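Visitor: Got a structure for you, questions after.
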Amino acid sequence: MQKFITVFKKEIFPISLIFILALSRLIPHPWNFTPVLAIGVFSGFYFKQIYLGFFLVIFSMFIGDLFLGFHSTMFFTYISLIAAVLIGSYVKRLKFTEILLSGLASSFSFFVITNFGAWLTLQMYEKNFEGLLSAYVLAIPFFHNTLISTLFYLFLLKILYELFVNKKSIAKTLST
């Protein structure tokens with residue numbers, strides 16, 4: 001029984017949590033307000049085998065895309081998720097400042113990578129510097145949802161991680 005509890009805490013719980021949050025993309029939500037980047041950062045933090053983090057994030061995103069549909073910028077979206085996992089691999093203790101910095105870094109990376117991909121693949125942008133600049137400017141209104149959702153879900157993941165894996169109280173969790 002103790003072995004099952006250990007496996008549950010170390011493997012089943014975080015993987016289940018990641019898939020549940022990834023599937024939350026399927027419910028109605030404001031534009032760019034999803035847990036996807038937070039899942040990437042958390043995967044990089046939690047799984048010491050970086051390839052497992054890459055696989056879980058890409059696979060969970062792919063599952064959502066099966067239902068939502070595929071698009072021309074998927075490659076760039078997936079690259080930005082790999083960047084989020086890499087950023088998460090530098091997080092050591094999931095403290096407030098690490099959550100804030102990793103959330104900012106992953107959101108900014110997502111913004112830069114995916115909007116470059118939109119400029120490169122979509123016909124709505126001219127393929128010159130002005131078109132690239134236009135792609136970034138037009139995406140600014142969506143950035144705040146990306147940043148807020150990433151930080152919100154990172155804090156939620158930290159709380160759930162501390163409660164279920166480390167068995168800390170909510171007061172202790174919020175103070176660290």
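Visitor: Scan the range 120-142 and give yes if some residue there is at pLDDT 95 or above, of a type in the set (Ser, Thr, Tyr) and under 17 Å from the mean Cα position of the chain (by Cα), otherwise no.
Guide: For the range 120-142, residues at pLDDT 95 or above, of a type in the set (Ser, Thr, Tyr) and under 17 Å from the mean Cα position of the chain (by Cα): absent.
Visitor: Restricting to the range 18-57, count the residues that are closer than 20 Å to residue 74 by Cβ, of a type in the set (A, V, I, L, M, F, W, C) and not in a helix (DSSP H, G or I).
Guide: 2
Visitor: Further question on the same structure: Identify, from the list 157, 81, 147, 86, the residue that is at pLDDT below 95, among the aliphatic types (A, V, I, L, M) and crowded, with 18+ Cβ neighbours inside 10 Å.
Guide: Numbers: 81 fails: at pLDDT below 95; 147 fails: at pLDDT below 95; 86 fails: at pLDDT below 95.
Result of the check over 157, 81, 147, 86: 157.
Visitor: Hey, another quick one. So which residues in the range 1-32 are crowded, with 19+ Cβ neighbours inside 10 Å and either modelled with pLDDT of 85 or more or in contact with a Cys (Cβ under 9 Å, 6 or more places away or on another chain) (or both), if there are any at all?
Guide: 32
Visitor: Continuing with the same structure: If only one of 97, 114 is surrounded by fewer than 17 Cβ atoms within 10 Å (Cβ to Cβ) and among the hydroxyl-bearing types (Ser, Thr, Tyr), which one is it?
Guide: Residue meeting the stated conditions: 97.
Visitor: Exactly one of these conditions fails for residue 164: (1) surrounded by fewer than 14 Cβ atoms within 10 Å (Cβ to Cβ); (2) aromatic (Phe, Trp, Tyr); (3) modelled with pLDDT under 95. Give me its number.
Guide: For residue 164, the exception is condition (1).
Visitor: While we're looking at this one, here's another question. I'm trying to understand the selection: among the residues of the range 83-117, which are of a type in the set (A, V, I, L, M, F, W, C), part of a helix (DSSP H, G or I) and touching a Ser or Thr at 6+ places or on another chain (Cβ under 7 Å)?
Guide: Within the range 83-117, 83, 84, 85, 87, 110, 111, 113 meet the criteria.
Visitor: Using beta carbons and a limit of 9 Å, which pairs, at least six apart or on different chains, have the first residue in the range 131-142 and touching a residue at least 60 places away in the same chain (Cβ under 8 Å) and the second one surrounded by 14 or more Cβ atoms within 10 Å (Cβ to Cβ) and not in a helix (DSSP H, G or I)?
Guide: Close Cβ pairs (under 9 Å, with a partner that is surrounded by 14 or more Cβ atoms within 10 Å (Cβ to Cβ) and not in a helix (DSSP H, G or I)) amount to 142/32.
The values are calculated or read from the model by the stated rules, or taken from the named source; none is laboratory data. On a predicted model such as this, the values are computed, not experimentally measured, just so you know. Neighbour counts run over all protein chains shown; Cβ positions are idealised from the backbone, glycine included.
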